[in-house]
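One structure is given here, and the rest of the page talks about it.
The values are calculated or read from the model by the stated rules, or taken from the named source; none is laboratory data. Computed from a predicted model, the values in this text were never measured in an experiment. FYI the Cβ positions are ideal-geometry reconstructions off the backbone, even for glycines, and counts take in every protein chain you see. Ligands, DNA and RNA are excluded from the accessible area calculation, which covers all protein heavy atoms including side chains. Shrake-Rupley method; radii C 1.70, N 1.55, O 1.52, S 1.80 Å.
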Amino acid sequence: MNNIPFVSFRPMEQELNTEIRAAFDRVLESSWYILGHEDTAFEEAFAKFVGTDHCIGCGNGLDALILSLKALGVGPGDEVIVQSNTYIATVLAITYVGATPVLVEPDIRTYNIDPALIEQAITSRTRAIMPVHLYGQPCDMDPIMEIASRHGIKVVEDCAQAHGALYKGKRVGSFGDSAGFSFYPGKNLGALGDAGAVTTSDKALGDKIRAIANYGSDYKYHFIYQGQNSRLDELQAALLSAKLPALDRMNAERRRIAREYLQGMNNPDIIMPYVPDYAEPVWHIFAIRTERRDELAEYLKERGIGTMMHYPIPIHMQECYSEKARAAAGHSDAECPGCEHLHDSLPYAQGDLPLAEEISRTELSLPMYYGMTDEQVAYVIDAVNSFK
């Protein structure tokens, strides 16, 4: 055994080949490619799956978060609390609408936002909290929702990596005022291109999000918002409908592989994932940590095992949010407070967010995908355990 990729779509695509090809054929036969029956059918099915009243398809996961914030009225002068260790899309959504991200450190065990640190980050400008169900692990939503309710703050869940994850038996994406999902091909529920969706049980909010995503139009040639073009096309909707019925079963297989990893790996140099009692993760990413991350990645590569690093540079140290980038764009705090320009800097220096920096420096993701064989799983476990 000399080649285990970090991820492979082939087992899933081969198993669902008939359904996927039928979806292609339906769309081609219909000659209707935007905002048609396939879109409506998927939105209804996904809303039911998540446990919300409404789902609005859109172009991608970043747009799903942007649309939610726009519809909630979040903009310049507002602050949004978000965890410090997430993919940049989460923070990009906040700065795209002109708001200021307030980065809060995670619980080092779960890698999700630490609810105990949220309240001290709230100011008179705080308009929303954006919990990220990172790596497919649900956040501790009860205290987050309690804090938000007490302070009159909105909650937008980032569910880009957590399709089907359960918090105390309830699907993520059904707790906040709205939630953003990504259907990027590598997700547990992936399209064959970019795609996304927003879920909500607030009809007025859902209607507003749908209108903003369609140029700001509530009906043809009538525009009530200055909107954007972010719609889930019929082909991607049909493909997602073909895959959705199998999602729970395929997530269950990911959980089985994760159990094998958790029970079989016993290298003292490696920190394994932690799963709280309230959580049923879907293991979009199986993240371990070690001070010898680069050495381990090379060791596994030599043995034909693919790995990835999520995410090797924390957001507050990314160039696009540095003072240097802002100055290059000709912006300053004095000239444009609350500026909507993407090159706004974040008020954090290296060392200010030590947990985010530690995770970025030590995290390594192991192969995790539907269709891994028992032999492949055992081979990865043996290789990790033999690393000295």
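Annotations
- Using Cβ point charges alone (K and R +1, D and E -1), the dipole size of the range 32-103 about the Cα centre works out to roughly 180 debye.
- In this structure the amide hydrogen of Glu105, modeled in the peptide plane, comes within under 5 Å of the amide hydrogens of Ser84, none closer than 5 places in sequence on its chain.
- Nonlocal amide H pairs with Ala191, under 5 Å, H built at 1.01 Å: Tyr184
- Annotation: per residue accessible area for the range 117-259 equals 39 Å², rounded to a whole number [probe 1.4 Å, protein chains only].
- Rounded to the nearest 500, the helix-only mean residue ellipticity at 222 nm of the chain stands at -11000 deg cm²/dmol, with each DSSP H run of n ≥ 4 adding -39,500 (n - 2.57).
- Spin-label model, Asp374/Asp294: points 7 Å from Cα along the beta carbon direction are separated by 3.9 nm.
- Every Cα-Cα pair of the range 223-307 was included, and the share exceeding 17 Å stands at 67 percent.
- Antiparallel content of DSSP bridges confined to the range 34-170, in %, to 5: 15
- Per-residue ³J(HN,Hα) for the range 237-250, Karplus 6.51 cos²θ - 1.76 cosθ + 1.60, θ = phi - 60°, Hz, x for Gly and Pro: 4, 5, 5, 5, 4, 5, 8, 4, x, 8, 5, 4, 5, 6
- The modelled label-to-label distance for the pair Phe9/Leu117, using points 7 Å beyond Cα in the direction of Cβ, is 3.5 nm.
- If you count Lys pairs in the chain whose Cα atoms are under 18 Å apart, skipping same-chain pairs closer than 8 places in sequence, the total is 12.
- Neighbour-limited loop hits for chymotrypsin sites (Phe, Trp or Tyr not before Pro), the range 198-257 (at most 10 other Cβ within 10 Å; DSSP other than H, G, I, E, B): Tyr221
- Counting only Cβ charges, +1 for Lys and Arg and -1 for Asp and Glu, the dipole size of the range 1-123 around its Cα centre is about 220 debye.
- Across Lys170, Lys243, Lys208, the residue with the most accessible area heads the list, and the full order at a 1.4 Å probe is Lys170, Lys208, Lys243.
- Take the chain and mark each of the GluC sites (Glu not before Pro) that is in a DSSP loop with at most 15 other Cβ atoms within 10 Å; the longest unmarked stretch, sites excluded, is 1-290.
- Where only alpha carbons of the range 1-138 are counted, the Rg and the Dmax (Å): 19.5, 58
- FRET E, pair Asp207, Asp277, Förster distance 45 Å, beta-carbon r, rounded to 0.05: 0.75
- Evaluated with a Cβ-only charge set (Lys, Arg +1; Asp, Glu -1), the chain carries a dipole of roughly 420 debye about its Cα centre, given to the nearest 20.
- Neighbours of Lys301, meaning other residues whose beta-carbon lies under 12 angstrom from its beta-carbon, give a summed charge of -3 when Lys and Arg score +1 and Asp and Glu score -1.
- Across the protein chains, with a 1.4 Å probe defining accessible surface, the residues Lys48, Lys187 rank Lys48, Lys187 from largest area downward.
- Residues whose amide H falls under 5 Å from that of Leu366, counting only those 5 or more places apart or on a different chain, are Phe286, Ile288, with hydrogens built in the peptide plane.
- Solvent-accessible area of Leu166 with every protein chain in place, 1.4 Å probe, in Å² to the nearest 10: 30
- Between Ile94, Ala349, Phe49, the Cα set farthest toward the positive side of the dipole of the chain (charges on each charged residue's Cβ, about the Cα centre) is that of Phe49.
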